[in-house]
Amino acid sequence: MKDFRIILTALLSLLAGCSFHATDGPPAHPRDVSTIPDAVPRFEARSRSANPDSYEVLGRRYRVLKSAAGYVERGIASWYGRKFHGRPTASGEPYDMYRMTAAHRTLPIPSYVRVTNLRNGKSAVVRINDRGPFHPDRIIDLSYAAAVKLGLDRSGTAPVEVRAVEPTSSHQGVYLQLGAFSSRLNAERLLARLHDNHLPQAQIDHHLHQGRTLYRVRLGPLTSQTQVDHLTHRLKTLGITPAIVND
């Protein structure tokens, strides 16, 4: 985890100038972003590198929230563009100014929020995959595409409301898969360990894969990102990193 924090600190320092650097701005040859769809909330594992308990930038310490559930905030939004296009975000993903993303100082990465421009009523859903803005009077830094769709690309900033959006499953929920074994005995050993650690909802199912039976140990179905986050944290204390699956 120490290495991840070093990487995060370097990225945050790099991004500390986002949205108010004189050389930043729109692309040299802007393209139509009106057809770029909003981000679609989905269940995702939290980034290992971008969610320390806390971090410090420019002499100020920020504490990362454990969950985005119920989060609502009003303040000033800004945006960042070509200067950072292609550079790594705090999540490790390259910044793409043509995607519906944003930077936030304390929301979990990734998470999803609906941003509403309080001047014109326009709103859009973006995916938080970066840290910032580290300007004292701003609460969120939008991608160029998001800024255009919200109508604040020309003004540079605007008052907004930021409201967390929880993903929903088109199925009966999602599962955390903890292991898949060709031996049922190995699956039962893991299941017993989970039950011993007060996770009685864990179960074994079997799945035919390339002509052989796999015994999968799973938790679920889960219907909220909060449940996914809580159980993922508990499992990691046991040395288990689950995968999120739909069926």
Taking 0.36 nm per intervening residue step and subtracting the Cα-Cα distance, what contour gain separates Tyr62 from Gln201 on full extension? 46.5 nm
Between the helical axis of 2-15 and the dominant principal axis of the chain, each derived from Cα atoms, what acute angle in degrees is found, rounded to the nearest 10? 20
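I want to check a number: in the chain, how many lysine pairs have alpha carbons closer than 20 Å, given a sequence separation of 8 or more or different chains?
For the chain, the number of qualifying lysine pairs is 5.
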If the viscosity is 1.567 mPa s and the temperature 4 °C, what Stokes-Einstein diffusion coefficient in µm²/s follows for the chain when Rh is the Kirkwood radius over Cα pairs? 66
Search the structure for amide H atoms under 5 Å from the amide H of Ser47, placed 1.01 Å from N in the peptide plane, and list their residues when 5 or more places away or on another chain. Ile109
Measure off 7 Å from each Cα along the Cα-to-Cβ vector at Ser34 and Tyr98, then give the distance between these two points in nanometres to one decimal. 1.7
Set of the stretch 220-244 residues, backbone N closer than 20 Å to the point 7 Å along the Cα-Cβ line of Glu166: 220-235, 244
Sum up the charges of everything whose Cβ sits under 13 Å from the Cβ of Pro41, counting Lys and Arg as +1 and Asp and Glu as -1, but leave Pro41 out. +1
What ranking, highest mean first, results for peptides 76-83, 222-229 when packing means the other Cβ atoms within 10 Å averaged over each residue? 76-83, 222-229
Calculate the length of the line joining the C-alpha centroid of the stretch 73-113 to that of the stretch 152-209, in whole Å. 24
Karplus-derived 3J(HN,Hα), 6.51/-1.76/1.60, for each residue of the stretch 113-119, Hz, glycine and proline x: 9, 9, 9, 10, 6, 6, 7
Run the simple label-point estimate for Thr23 and His85 please: 7 Å along Cα→C-beta, distance reported in nm. 1.5
With a/c under 1.5 counting as rounded, go ahead and sort the stretch 189-247 into rounded, prolate or oblate using the C-alpha gyration tensor (a ≥ b ≥ c being the square roots of the eigenvalues; past the cut-off, prolate if a/b is larger than b/c, else oblate). oblate
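Relative contact order of the chain, please, whole-number percent, based on alpha carbon pairs below 8 angstrom and at least 6 residues apart.
21
We did not get these values from a lab; they are worked out from the coordinates using the rules stated. The structure displayed is predicted, hence computed values, not measured ones. Here the Cβ is made from the backbone with ideal geometry for all residues, glycine too, and neighbour counts use every protein chain on show.
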